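Okay, structure first, notes after.
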Amino acid sequence: MKTNPQSAFTLVELLAVIAIISILASLAGSGINAAREAGRQAACAANLRSMATAAVAYAEDHRGMFPWGQKRVNGYSSWCWDFIVPNGGTPMPGVMWESTGAGRVMQCPSFLGGDANFSDTPYTGYNYNCSFIGKVEGDPAKRTRPAKLADLRDPAATALFGDGEYAMGGNKFMRAPKRDSQYDGSSKSIREAGTQGFRHRGKTNMVFCDGHVESFDQPYKYGGEEGFVYGKCGFISDDNYLYSLEK
């Protein structure tokens with residue numbers, strides 16, 4: 001029995017079919033990866049909403065005052081908004097979580113780790129607005145405490161927590177782009193290490209003091225007198241408007 005030569009694939013046709021299959025597989029893989037990251041971004045947003053709820057609940061239990069960003073307390077080598085470290089002990093979840101029943105410190109599902117700018121406590125991929133909300137003890141500024149709920153002029157336009165990242169890895173203390181001697185007159189180098197990470201397909205998640213979450217896709221690299229550029233890190237606005245209590 002003879003084979004009809006017109007029914008067989010030529011080498012060129014076979015290579016074309018293989019190329020098409022490869023392209024389709026690649027597109028399918030990209031779609032799956034995009035869907036997975038969309039799921040991680042949604043989970044991150046849910047975490048941030050829970051964190052905002054916990055912070056407000058903490059404030060309601062502490063005479064209206066938000067958690068400290070960081071301070072030294074008797075018996076602790078460091079007391080941070082997310083973790084506390086007993087002198088000579090093992091890091092443990094901070095009191096914000098324990099007192100509000102949040103149960104655990106949240107972890108951004110897209111955060112891949114790396115060096116953090118605060119090395120003696122575990123790092124979660126999130127940071128806290130310590131320019132205007134949480135106070136870091138020792139930061140140059142006229143204020144002496146964290147903000148209170150009553151201080152909020154526009155909760156829907158005041159950042160609270162977000163995806164934290166800087167050039168070398170994670171950060172846990174969010175900074176506004178410009179110095180403000182009343183609230184946070186910290187140095188350029190400290191604010192360079194307090195930017196956001198645009199890790200969700202080029203976007204960064206941010207929760208505001210009213211509890212709503214937004215995703216930003218434009219990292220502002222230039223912060224007034226700062227003028228620095230670090231990869232996929234940056235601020236969410238080119239001035240302090242989305243960070244500040246002053247509107």
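The values are calculated or read from the model by the stated rules, or taken from the named source; none is laboratory data. This is a predicted model, so every value here is computed, not measured. No Cβ is skipped: glycine too gets one built from the backbone with ideal geometry, and neighbour counts run over all protein chains shown. The protein model used for the area step is the full one, side chains on, heavy atoms only, and it has no ligands, DNA or RNA in it. Shrake-Rupley method; radii C 1.70, N 1.55, O 1.52, S 1.80 Å.
The gain in end-to-end length when the E246 to Y220 segment is fully stretched comes to 7.4 nm, 0.36 nm per residue minus the alpha carbon separation. Summing charges over neighbours of R153, with a neighbour being any other residue whose Cβ is under 10 Å away from its Cβ, gives -2 when K and R count +1 and D and E count -1. Diffusion coefficient of segment 42-181 by Stokes-Einstein, Kirkwood radius over Cα pairs, 20 °C, 1.002 mPa s: 139 µm²/s.
Extending 7 Å from the Cα toward the beta-carbon at both R153 and R201 defines two label points whose distance is 3.6 nm. Start at zero, step by 10 Å, and the Cα-Cα distances of segment 120-181 spread as 20, 51, 27, 2 percent across the bins. For segment 146-247, the solvent-accessible area of protein heavy atoms averages 39 Å² per residue (probe radius 1.4 Å; ligands and nucleic acids excluded). The stretch between S181 and D61 holds 40.3 nm of extra length on full extension. This uses 0.36 nm per residue minus the Cα-Cα distance. Quantify, in whole percent, the carbon and sulfur part of the accessible surface of segment 34-88 (1.4 Å probe; protein heavy atoms only). Reported share for carbon and sulfur atoms: 49 percent.
With an a/c value of 1.5 or above and a/b not larger than b/c for the gyration tensor axes a ≥ b ≥ c computed over the alpha-carbon atoms, segment 145-204 is described as oblate. Output the pairs from K148/K232; K142/K203; K142/K232; K135/K203; K148/K172 with a Cα-Cα distance over 24 Å in this structure; if there are none, say none. Long pairs (Cα-Cα over 24 Å): K148/K232; K142/K203; K142/K232; K135/K203.
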